[in-house]
Structure formats: C-alpha cells, structure tokens
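The values are calculated or read from the model by the stated rules, or taken from the named source; none is laboratory data. Source: prediction; values computed, not measured. Note: ideal-geometry Cβ built from the backbone for every residue, glycine included; neighbour counts use all protein chains shown.
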Amino acid sequence: TRLDAEVKSWFAFALQKCHELALLRDALNSGDTAALAEWSAPIQARRNSTRVHNPAVEKRLAAITAQDSQRANVYEVRAEAQRARFKLPAWPTTTIGSFPQTTEIRTLRLDFKKGNLDTNNYRTGIAEHIRQAIVEQERLGLDVLVHGEAERNDMVEYFGEHLDGFVFTQNGWVQSYGSRCVKPPIVIGDVSRPAPITVEWAKYAQSLTDKPVKGMLTGPVTILCWSFPREDVSRETIAKQIALALRDEVADLEAAGIGIIQIDE
C-alpha cells in the first residue's frame, strides 16, 4: 500500500481483526494480556498523535458561529453585482467543468508518476491541454469558460492529495460505476489546507481569455462521502473541517480575480 509504518499500524482489515479475536481469546483464557497490550499500542499512540489532532483546526472549528453559514447579501444584491461585473446574456452558456481525460492526458500523468517525465515537462503538457480547452470553448462561443481539469486525476482524490489529514493507498481500488474505479481517500486526522490547490491553474486559464473562467471545487460533503471517514469524530465534524479548508480556497480564488466559483455537491 506504500502507507508509512505509523499510519499503517492504525488500520485493521479482515485478517488483522481475526488476529485480534485470537489475541482476545488467548488473553481471556490465560490471563496474560501482554501480547494484547503490545498489539494495542499503536491504537493508544494514535489517540495522542499530532497527525490526528491539529489544535489549530480544532480551535477554528470551535469558533464557527451561525453567522458563518449565512451570505453577506441577499440574492437580489448579489445578482445585481454579478450582472454589473460580468455582463452575461440572460441565458449564459458554460460546461460542467471537466473535459474528457484523454489517452494523452492519462499517459502524461502516468509518465510523470513513474518518473519518466520531469515536473517542468509535465506542467508544460498540462498547460497545453488547458490552452486547447480554452481555445475550443471560445470557438464554440461559450460565455463562462473552464480550464478543463486536465491536472486532476479524480474530483475527490485530487483534493484529498492536497489536504492534510488524508492518506491514500496505491492499490485500494473501489469500483465507482461501470469500468470506472477510484482509490478513495482515507481520513486519518483533522483536515486542513496547507497551500492553495486550484488557484495557479485557474489563474493561468484566465490569462488566456477575456471571458470569465470559473473556479471549480468539489464540495465538502461529496469529498466526505467518497472517502473512508475516521471513526473517532462525527461525520459532521469532518465535513466542517473540509468546508473550512475549501473556504480558504474560495478566498484565494477570489483574491486571484476568479469571480465565478462552482462548488460541486
């Protein structure tokens, strides 16, 4: 799985749970709990691990108020500001956001992951696919453009890879639908965003056109529902942590001049 030893020691799947049952049986029959205590040591260590508990996240979560979930202005005020800025037609056209992950894009990503392609050449390739997406949308006469998400392997996995508190297996594939399989993120600790995730490519796409390019984020509930959650806190807590991280991403997109942001739920 390529999980580091500490995180791996926190997990128990079918074989490990059978072993735990045997340890419990032996401890109950013999009264010797040494082996059981040794096996349980990682579980105890996890309870105090800084990889699990982030005081800054917990403090921010505790500071959430009811006002934080309310918009600053009513719809009529927001709509007027949007009309004044974007001057879009009555029925503006756009796309859902993600363009097809072509063979060329998948090969580019695979070569990069295998080390056959350096970072500069990988980024150059992604930039070219984004440029092509912008050119095609302008040719079609769309009103609000997207960058096409060429850099994203999956709408959930990509964000999980850029958020603290998530880990991934390399071979833990799960069927999503049809022939599509994904490796769901595993939530192991408090979720936070160490750095901007989507801003750079959104800014690049916007630099290629005079039309508005919208930012695209996967919503917190979708990220949670497509992940394996930790069991020591509620799903509501995890969702709020992810939402706070995405709130920071929205603020950075706004600061970068991206005026339309789509959050997919």
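Report whether or not Leu108 is outside the structural domain of Val233 (by TED's automatic domain parsing) and outside any loop (DSSP other than H, G, I, E, B). Judged against the criteria, Leu108 is not a match. Exactly one residue out of Ile197, Ile261 is modelled with pLDDT of 95 or more and surrounded by fewer than 20 Cβ atoms within 10 Å (Cβ to Cβ): that is Ile261. For segment 131-142, indicate whether the set of residues that are among the aliphatic types (A, V, I, L, M), farther than 28 Å from Arg60 by Cα and in contact with a Gly (Cβ under 6 Å, 6 or more places away or on another chain) is non-empty. Yes. Here Arg60 fulfils each of the conditions (1) of a type outside the set (A, V, I, L, M, F, W, C); (2) part of a helix (DSSP H, G or I); (3) not assigned by TED's automatic domain parsing to the domain that holds Thr237 apart from (3). Just to be sure I understand the filter: pairs with C-beta atoms under 6 Å, separated by 6 or more residues or on different chains, first member in segment 97-112 and under 14 Å from Ala133 (Cα atoms), second member among the small types (Gly, Ala, Ser). Which pairs pass? That search, which allows pairs on different chains as well, returns Phe99/Ala133; Phe99/Gly148; Ile105/Ala150. Screening segment 204-239 for residues that are crowded, with 18+ Cβ neighbours inside 10 Å and basic (Lys, Arg) and picking the one that is modelled with the highest pLDDT gives Lys214.
Given (1) at pLDDT 90 or above; (2) not assigned by TED's automatic domain parsing to the domain that holds Asp164, where does Thr65 come up short, assuming only one miss? Every listed condition holds for Thr65 apart from (2). Restricting attention to segment 1-50, the residues that are of a type in the set (Asp, Glu) and assigned to a loop (DSSP other than H, G, I, E, B) add up to 2.
In segment 197-220, the residues that are under 12 Å from Arg152 (Cβ atoms) and of a type outside the set (Gly, Ala, Ser) reach residues that are crowded, with 22+ Cβ neighbours inside 10 Å and modelled with pLDDT under 95 with C-beta atoms within less than 7 angstrom, at least six apart or across chains, in these pairs: Thr218/Val156.
Within segment 119-138, can one find any residue that is assigned by TED's automatic domain parsing to the domain that holds Leu246, in contact with an Asp or Glu (Cβ under 7 Å, 6 or more places away or on another chain) and either over 21 Å from Pro212 (Cα atoms) or in a helix (DSSP H, G or I) (or both)? Taking every residue of segment 119-138 in turn, at least one turns out to be assigned by TED's automatic domain parsing to the domain that holds Leu246, in contact with an Asp or Glu (Cβ under 7 Å, 6 or more places away or on another chain) and either over 21 Å from Pro212 (Cα atoms) or in a helix (DSSP H, G or I) (or both). Could you check segment 154-208 and list, in sequence order, the residues that are of a type in the set (D, E, K, R) and closer than 16 Å to Gly219 by Cα? Residues satisfying the conditions are Asp154, Glu157, Glu161, Arg193. Inside segment 24-40, can you point out the residues that are modelled with pLDDT of 90 or more and within 30 Å of Pro185 (Cα to Cα)? Matches in segment 24-40: none. Being assigned to a helix (DSSP H, G or I) and crowded, with 21+ Cβ neighbours inside 10 Å is the filter here, so list the residues in segment 139-161 that pass it. Of everything in segment 139-161, those that are assigned to a helix (DSSP H, G or I) and crowded, with 21+ Cβ neighbours inside 10 Å turn out to be Phe159, Gly160.
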